[in-house]
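Undergrad: Here you go, one structure.
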Amino acid sequence: MSLELARRLVVGLSGPAVTPVEAAWLAHYQPAGVILFSRNCHDYEQLCRLCGHLNTLVPGLEIMADHEGGPVSQLARALSRPPVVRSLGQLDDLALTARVHAETGRRLRAAGVTRVLAPVADVLTEAHNPVIGARAFGSDAKLVERHTVAAVKGLLEEGILVCLKHWPGHGGSRTDTHLTGAFAGEGAVSAPFAAGLTAGADAIMVGHLTTSPNAELPATLDAEFLRESVGQLQSSSGCRPRLIADDITMGGLRGAMLERGIDPGDGQATGMVDPVDLPLAWMSVLVDAGCEQLLIRGLPLGAMPVPTNDRGATTESAGECPVETRFHDEAYRETRQRCWAVAAPEFAVPTAEMLWWDQTVGDRWQVAGGDQGTAQEQLGPLLDPRFAAVHDWEAVLPAASGITRLLVTSHRPLSASGQRDNRLAEQGVCLVMGHPSLAGDMGAYLGTGWRVGAIYDVSPEDLFPLG
């Protein structure tokens, strides 16, 4: 039973090289795939070697990654960080969207990745959505639909398999399924998914989302809903999609699993489950409901231990890194330059002081974006030479300091209310980087004397791309 179930799993690894236990587990259980995270990626050559080694351990396995662009670019340290897709939606240039995704696909394929868990086909109907934000092309269903198609075509052009996400639509949720249950709400919009399948995608990631306020089961456990979904999507697109469950260690499954008497035994009511604690029944009921593959961020060693006699599997990397592939940055650079030209070309003033409200400290998006350091470490060297002084939001400054430049960085919605901080001048320029809700919320907070420009990622590539 466990061997059959294991072949439905797409598992994660602990680091940049396969450990002896991981090698033995992979060789014994022969899973459907491996999903790579930033912890598995140091540089391009190492990533190539890792993918080559995985193929020797499990011939034919799929190597996947969440490499959407922007704040979810797990392989950025090897392949760089593609522009966030909200920027592509803002520019609404379908040819550019296709070019960006073709370049991303080319880099993934060169390193040995076979499937990308992207693009996000969610429609951002809840402005303060805490988990999707700038990962969606936009809030208009038609715009999301046409850019999903362009993205799929670009990726397929370079031979990368595509998994759309997060069915039935995560853009209307007010909670994060990583932590707890979530209701899809008005974000359950099917058209972008159907269009992406028609364009050539062959898989859909199913989110742990309920489809009605009173529903007891998330979509991943709702067999009737999944059957209807397959029929609906196949009818509208002509493609019968593979259903891949979003990471099954997410807290969004806890409540429904406990209702079925399935308990990981960690004493927690919310938050993610350690893969080691997952019971076999947890995985079995997802497959029984209709999920054909299950993502899991580690190895379920508690339910599927490595047989003692298999612990000698080799961890040696096989083969050499391919001949260096030349990457082309033109589409990435053009996206960022065009967005900056609209958002804040006048932001930097060498004689002005700047106040920085940074809410990314300890944020998991920094890890999902390639784990290349904090926002302060990445952006600080670019900011310091361009202003007379850069002050942290928590700094003690004289009241009525007359500061005319404000930077706000956050991948999540923020709550700014009340009177404008009296350190800020009556007029100025604010740059928000990250969540799409920041521009409107900061505009209301600062008042009409301030111009607010928006960049939808928190990365050095997006800051001052015009030089």
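The values are calculated or read from the model by the stated rules, or taken from the named source; none is laboratory data. Since the structure is predicted, the reported quantities are computational estimates derived from the model, not experimental observations. As a convention, Cβ positions derive from the backbone with ideal geometry for all residues, glycine included, and neighbour counts pool all protein chains shown.
Undergrad: If you check Arg107 against the conditions, is it outside any helix (DSSP H, G or I), within 19 Å of the chain's Cα centre (by Cα) and either assigned by TED's automatic domain parsing to the domain that holds Leu295 or surrounded by 20 or more Cβ atoms within 10 Å (Cβ to Cβ) (or both)?
TA: No, not satisfied.
Undergrad: Something else now. Looking at (1) out of contact with any helix residue (DSSP H, G or I) (no Cβ under 8 Å at 6 or more places or on another chain); (2) more than 19 Å from Arg146 (Cβ to Cβ), can you tell me which one Lys165 breaks?
TA: Unmet condition: (2).
Undergrad: Sticking with this one: So which residues in the stretch 155-201 are more than 18 Å from Phe225 (Cβ to Cβ) and touching a strand residue (DSSP E or B) at 6+ places or on another chain (Cβ under 6 Å)?
TA: Leu155, Ile160, Leu161, Cys163, Thr175, Gly196, Ala201
Undergrad: Another question, then. In the stretch 111-142, what residues are surrounded by 21 or more Cβ atoms within 10 Å (Cβ to Cβ) and more than 22 Å from Val206 (Cα to Cα)?
TA: Ala111
Undergrad: What is the residue count in the stretch 336-384 for residues that are over 23 Å from the mean Cα position of the chain (by Cα) and under 28 Å from Leu179 (Cβ atoms)?
TA: Of the residues in that region, 2 qualify.
Undergrad: List every residue pair whose Cβ atoms lie under 9 Å apart, where the two residues are 6 or more positions apart in sequence or sit on different chains, the first residue falls within the stretch 256-267 and is among the hydrophobic types (A, V, I, L, M, F, W, C), and the second residue, located anywhere, is exposed (fewer than 11 other Cβ atoms within 10 Å of the Cβ).
TA: Final answer for the pair search is Leu258/Ala269.
Undergrad: Let me ask something additional. State yes or no: is Ala17 touching a residue at least 12 places away in the same chain (Cβ under 8 Å), surrounded by fewer than 20 Cβ atoms within 10 Å (Cβ to Cβ), among the small types (Gly, Ala, Ser) and on the phi < 0 side of the Ramachandran plot?
TA: So Ala17 fits the description; yes.
Undergrad: Still on this structure, I have one more. Looking at Gly171, Gly154, Gly196, which one is in a loop (DSSP other than H, G, I, E, B) and at pLDDT 95 or above?
TA: So the residue among Gly171, Gly154, Gly196 that is in a loop (DSSP other than H, G, I, E, B) and at pLDDT 95 or above is Gly171.
Undergrad: Among (1) over 30 Å from Tyr456 (Cα atoms); (2) over 18 Å from the mean Cα position of the chain (by Cα), there is one condition Val11 misses while meeting the rest; what is its number?
TA: (2)
Undergrad: Six or more apart or on different chains, Cβ under 7 Å: which pairs go from a residue in the stretch 214-229 that's assigned by TED's automatic domain parsing to the domain that holds Ile262 to one that's in a loop (DSSP other than H, G, I, E, B) and at pLDDT below 95? Could you list them?
TA: Pairs that qualify, where the first residue is assigned by TED's automatic domain parsing to the domain that holds Ile262 and the partner is in a loop (DSSP other than H, G, I, E, B) and at pLDDT below 95, are Pro218/Gly181; Ala219/Thr211; Phe225/Thr211.
Undergrad: Something else about it: State the number of residues belonging to the stretch 179-213 that are under 30 Å from Lys153 (Cβ atoms) and either surrounded by fewer than 22 Cβ atoms within 10 Å (Cβ to Cβ) or out of contact with any His (no Cβ under 8 Å at 6 or more places or on another chain) (or both).
TA: Adding up the residues that qualify gives 21.
Undergrad: Taking only the stretch 64-98 into account, find how many residues are over 21 Å from Gln366 (Cα atoms), touching a Gly at 6+ places or on another chain (Cβ under 8 Å) and surrounded by fewer than 23 Cβ atoms within 10 Å (Cβ to Cβ).
TA: The number of residues fulfilling the criteria is 2.
Undergrad: Of the residues Leu36, Leu94, only one is without any contact (Cβ under 8 Å) to a residue 60 or more places away in the chain, in the same structural domain as Val149 (by TED's automatic domain parsing) and closer than 30 Å to Ala134 by Cα; which?
TA: Result of the check over Leu36, Leu94: Leu94.
Undergrad: If you don't mind, another one. Within the stretch 23-55, which residues are more than 23 Å from Arg364 (Cβ to Cβ) and in contact with a strand residue (DSSP E or B) (Cβ under 9 Å, 6 or more places away or on another chain)?
TA: Those that are more than 23 Å from Arg364 (Cβ to Cβ) and in contact with a strand residue (DSSP E or B) (Cβ under 9 Å, 6 or more places away or on another chain): Trp25, Leu26, Tyr29, Pro31, Ala32, Cys51, Leu54, Asn55.
Undergrad: Restrict the check to the stretch 82-96 and report whether at least one residue is touching a Leu at 6+ places or on another chain (Cβ under 9 Å) and of a type in the set (Val, Ile, Thr).
TA: For the stretch 82-96, residues touching a Leu at 6+ places or on another chain (Cβ under 9 Å) and of a type in the set (Val, Ile, Thr): absent.
Undergrad: Hey, another quick one. Checking Asp43 against (1) crowded, with 23+ Cβ neighbours inside 10 Å; (2) charged (D, E, K, R); (3) without any contact (Cβ under 8 Å) to a residue 40 or more places away in the chain, which test does it fail?
TA: So Asp43 meets the others, but not (1).
Undergrad: Would you please list the contacts, defined by Cβ atoms under 8 Å and residues six or more apart or on different chains, that run from a residue in the stretch 439-456 that is within 22 Å of Ala348 (Cβ to Cβ) to a residue that is part of a strand (DSSP E or B) and of a type in the set (S, T, N, Q)?
TA: Every condition considered, the pairs that remain are Gly449/Gln427; Trp450/Gln427.
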